[in-house]
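Colleague: Below is the structure I would like to discuss, written out as structure tokens.
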Amino acid sequence: MAIQVVSWNVAKRHAPWRELVEMDVDVALLQEAGNFPADVADRVDTGPPESWDSHRWNSDWWQGRFPRLFDRWAKIVKLSDRVDVEWFRQVSPIGWVDDDEIAVSGIGTIAAARVSSARAEPFVVVSMYARWLSPHPSTRSKWGTGYSDGSAHRIISDLSAFIGDTDPATHRILAAGDLNTFYGATDDNRLVLAARDRTVFDRMEALGLEFLGPQAPEGGRRADPTPQGLPADTQNVPTFCVAGRKPEDAANQLDYVFASRGFHEQVKVRALNSPEEWGPSDHCRILIEVEDG
């Protein structure tokens, strides 16, 4: 029986937590997660706060500037007794860490843990959330939303600490989440910085992390018509629905899965992106199955 993992940007809502505990999955890789509702407290385990809350390792530089450092996090949630989860405690981006730590360079962008079970070799899971960052005031930029590739590259730098050899077979990593980037974007795409988005996927490949999509047809439904700024033959599957629109109108993919080359052959992914599957968030769920071996 495969280990069932779900990746989901839950938009700091309570309803997705209730959906998760009814799914019969083992582990959730969440993004933009706030506190879980009290009625599911006995069915979820988010690990120690040190594994996700950067208030625990940051200095107090932010006090007096912001009411809080951040309020929505990447989290890894244990949802069944079929697996064991060992969370990595977050520390500042130092050069040497202990066995149970991960050095983190972006606030609220990453969480990591080791998953093991009687039916599969242990592997590292990483929940990724590429936060939007505003350009420096000196640029006087008109980019209202900002840019996400900066956060994505910080995430890649942090997770690359789990790669200690050029041979991908020496590591077993599953990384998934909301990267706020467009896979395969063409240079005329009006929504993203296409050339910068491409560097995110190129860097993952260089680290020996295989791109698993999800991609159509097996990985979910495509948008129809093809969104502007993507090639006509794109196999992207929409995973994000703009506020005020229905899931059937969702057009763009922001959520992706990667796994170590070799290990990736044991991993299957699918976006639950049909209107009836979508769920109570602006992102759909990504279902990930890790086969025995």
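Colleague: Enter the mean projected area of the convex hull around the alpha-carbon atoms of the chain, in nm², rounded to one decimal.
Modeller: That works out to 16.0 nm², a quarter of the Cα hull's surface.
Colleague: Among 57, 52, which comes first, then next, by fewest other beta-carbon atoms within 10 Å?
Modeller: Starting with the residue having the fewest Cβ neighbours, the order is 57, 52.
Colleague: Which residue, 252, 35, 273, has the most motion in a Gaussian network model of the chain that connects Cα atoms within less than 10 Å?
Modeller: Comparing 252, 35, 273 in the GNM, the peak value goes to 35.
Colleague: Then there's this: For the stretch 89-146, which chymotrypsin sites (Phe, Trp or Tyr not before Pro) are both in a DSSP coil and crowded by at most 14 other Cβ atoms within 10 Å?
Modeller: Answer by residue number: 96, 132, 143.
Colleague: Still on this structure, I have one more. Using 0.36 nm per residue of separation minus the Cα-Cα distance, give me the extension gain between residue 116 and residue 157 in nm, one decimal.
Modeller: Length difference between fully extended and current span is 12.3 nm.
Colleague: Another question about this same structure. Kindly work out what percent of the DSSP beta bridges joining two residues of the chain are antiparallel, to the nearest 5. Write out the running numbers ahead of the final one.
Modeller: Working: 40 of 55 bridges.
Bridges in the chain that DSSP calls antiparallel: roughly 75 percent.
Colleague: May I ask you to list the trypsin sites (Lys or Arg not before Pro) in the stretch 159-215 that are in a DSSP loop and have at most 11 other Cβ atoms within 10 Å of their Cβ?
Modeller: 190
Colleague: Tell me the label-point distance for the pair residue 199, residue 35, using the 7 Å Cα-to-Cβ offset, in nm and rounded to one decimal.
Modeller: 3.9 nm
Colleague: Right, next: Looking at the stretch 84-188, send over the antiparallel percent of its DSSP beta bridges, to the nearest 5.
Modeller: Of the beta bridges lying entirely in the stretch 84-188, close to 55 percent run antiparallel.
Colleague: So what is the relative contact order for the stretch 93-150, in percent, with contacts set as C-alpha pairs under 8 Å and at least six apart?
Modeller: Relative contact order here is 23 percent.
Colleague: Which FRET efficiency, nearest 0.05, do residue 166 and residue 187 yield, Cβ-Cβ r, R0 41 Å? Don't skip to the answer; put the middle values down first.
Modeller: Values: r = 32 Å, r/R0 = 0.77.
Plugging the Cβ-Cβ distance into 1/(1 + (r/R0)^6) gives 0.80.
Colleague: Could you check which residue among 227, 135, 49 shows the biggest mean-square fluctuation in a GNM of the chain with a 10 Å Cα cutoff?
Modeller: Per the Cα network of the chain with a 10 Å cutoff, 135 tops the list.
Colleague: In deg cm²/dmol and to the nearest 500, what is the mean residue ellipticity at 222 nm of the chain if only DSSP H runs of at least 4 residues count, each as -39500 (n - 2.57), divided by the residue total?
Modeller: -3000 deg cm²/dmol
Colleague: Can you give the longest run of the chain that contains no GluC sites (Glu not before Pro) sitting in a DSSP loop with at most 16 other Cβ atoms inside 10 Å?
Modeller: Free of exposed loop sites, the longest segment is 23-217.
Colleague: Defining a contact as two alpha carbons under 8 Å apart and six or more residues distant in sequence, what relative contact order in percent does the chain show?
Modeller: For the chain, the relative contact order is 19 percent.
Colleague: Need the full-extension length gain, residue 206 to residue 105, defined as separation in residues times 0.36 nm minus the C-alpha distance. One decimal, nm.
Modeller: Extra length from residue 206 to residue 105 when fully extended: 34.3 nm.
All of the numbers you see were taken from the coordinates with simple rules; none came from a lab. Please read all numbers here as calculations on a predicted model, not as lab measurements. As a convention, Cβ positions derive from the backbone with ideal geometry for all residues, glycine included, and neighbour counts pool all protein chains shown.
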